[in-house]
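Visitor: Supplied in structure tokens, the structure appears directly below.
The values are calculated or read from the model by the stated rules, or taken from the named source; none is laboratory data. Please read these numbers as outputs of a predicted model, since none were measured by experiment. Neighbour counts run over all protein chains shown; Cβ positions are idealised from the backbone, glycine included.
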Amino acid sequence: MLLAGLALFLAGTVLCGFARSLPMLITGRTFEALGGCAGMVLGRAIVRDIYDRERSASALATIMMVMSLAPSLAPAIGAYLAQWGGWRADFVLLGMIGAAVLILTGSRLAETHAPTPVNFVGMIGSFLVLLRTPAFLSFGFATAFTSASWFTFLAAAPYLLSELLHEPPSTYGLMILLPMAGYILGNAGVVRLSVLLGSARLFISGLALSLASGVMLAVWCLGDLTPWALFVPMAISSIGNGMSQPPGIAAGLSVYPRIAGAASGLLGFMQMALAALGTLLLGLLPRDSVVAMVAVVGASLALALVCGLFTLRAPAEGLRPAAASGSSRKIVKGS
């Protein structure tokens, strides 16, 4: 499945590179997205196949730390490439990277889960089991609301900088590096401390730090709106996000280890769905002040912590590494 996804991404990139119309370009980008999501979903499942919950948190933190470099470096690299060789040069680079990853994955990555026939009924059964499990829902919604806070900020910040603060686009390009660096710092803390302190303690601590930064964002922005008022609190929030996301995802995958693939896909869906709802709500609220962004971001962070605290009261299988329960064993073939 991972090889198929990477091949689809490469095919979409080639299509974008040769696009002669906007619909063709959009089609290629759609193929890129469909193929690229295989790396995110299956990468998490592969980590869970290899490691237990505590070591999964550390491994996922390392992966996320590397992944967070892409959105911070890509705009600058893409801008220079487009200026130097035209917009198609961006897809030449993406094609080279996609081909290299596909070759390396095919030649170096061994199978981590015994292949089974595709069983759509079993797959739906896996999702239903997860959706009926309080532990999984608590971890899933905690990580999803955290993602919603970040994507809501990303949607609002450029508008606030340009329309309310009259800052040039370069201001956003520089200031966004602060939360990116904060996320990397939080991930690095998980890598170093997850086994020593335990993933549950890091998870709750990260959620609490993010909520505290949300309060700081509200006080600072409502008192004196400046670029620093927007990005410094979000940099602190990103440290908390970097601390909470890897152990939260690892714990969600550990609820039923035998269906980690289904759990990874459902976690990703929940994160993207709530992020989309957050940005939609932002667009429905008044845009003439910073209040809408502060309200949606603050509410998302508060709900994330509430869901995180529910994990402390969830059934035992969601709180520590354990063998899959009987219900998960019955639906393994569909995961």
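Visitor: With the structure loaded, tell me whether Ala262 is touching a helix residue (DSSP H, G or I) at 6+ places or on another chain (Cβ under 8 Å) and under 30 Å from Gly122 (Cα atoms) or whether it fails that test.
Guide: yes
Visitor: Also, quick follow-up: Filter segment 277-307 for residues that are β-branched (Val, Ile, Thr) and in contact (Cβ under 8 Å) with a residue 60 or more places away in the chain; which is nearest to Gly248 (Cα to Cα)?
Guide: In this case the residue turns out to be Val297.
Visitor: Spot the failing condition for Gly198; the list is (1) surrounded by 16 or more Cβ atoms within 10 Å (Cβ to Cβ); (2) touching a residue at least 24 places away in the same chain (Cβ under 8 Å), and only one is missed.
Guide: Evaluating Gly198 over (1) surrounded by 16 or more Cβ atoms within 10 Å (Cβ to Cβ); (2) touching a residue at least 24 places away in the same chain (Cβ under 8 Å) leaves (1) as the failure.
Visitor: Yes or no: segment 308-316 includes at least one residue that is out of contact with any Phe, Trp or Tyr (no Cβ under 9 Å at 6 or more places or on another chain), surrounded by fewer than 24 Cβ atoms within 10 Å (Cβ to Cβ), in contact (Cβ under 8 Å) with a residue 60 or more places away in the chain and outside any helix (DSSP H, G or I).
Guide: Yes, some residue in segment 308-316 is out of contact with any Phe, Trp or Tyr (no Cβ under 9 Å at 6 or more places or on another chain), surrounded by fewer than 24 Cβ atoms within 10 Å (Cβ to Cβ), in contact (Cβ under 8 Å) with a residue 60 or more places away in the chain and outside any helix (DSSP H, G or I).
Visitor: Considering only segment 18-51, how many residues are in a helix (DSSP H, G or I), more than 30 Å from Ala251 (Cα to Cα) and of a type in the set (Lys, Arg)?
Guide: Number satisfying all stated conditions: 1.
Visitor: Considering only segment 53-114, give the helices (runs of 4 or more DSSP H) lying wholly within it that have at least 3 residues that are at pLDDT below 70 and not assigned by TED's automatic domain parsing to the domain that holds Ser254.
Guide: So the answer is 53-67, 69-85.
Visitor: Next question, about the same structure. Select, from Pro168, Pro158, the only residue that is at pLDDT below 90, under 17 Å from Val232 (Cα atoms), surrounded by fewer than 16 Cβ atoms within 10 Å (Cβ to Cβ) and of a type outside the set (Lys, Arg).
Guide: Pro158
Visitor: Just the residues that are among the small types (Gly, Ala, Ser), surrounded by 13 or more Cβ atoms within 10 Å (Cβ to Cβ) and free of Cβ contacts under 8 Å to residues at least 24 places away in the same chain, please, taken from segment 1-27.
Guide: Gly12, Ala19
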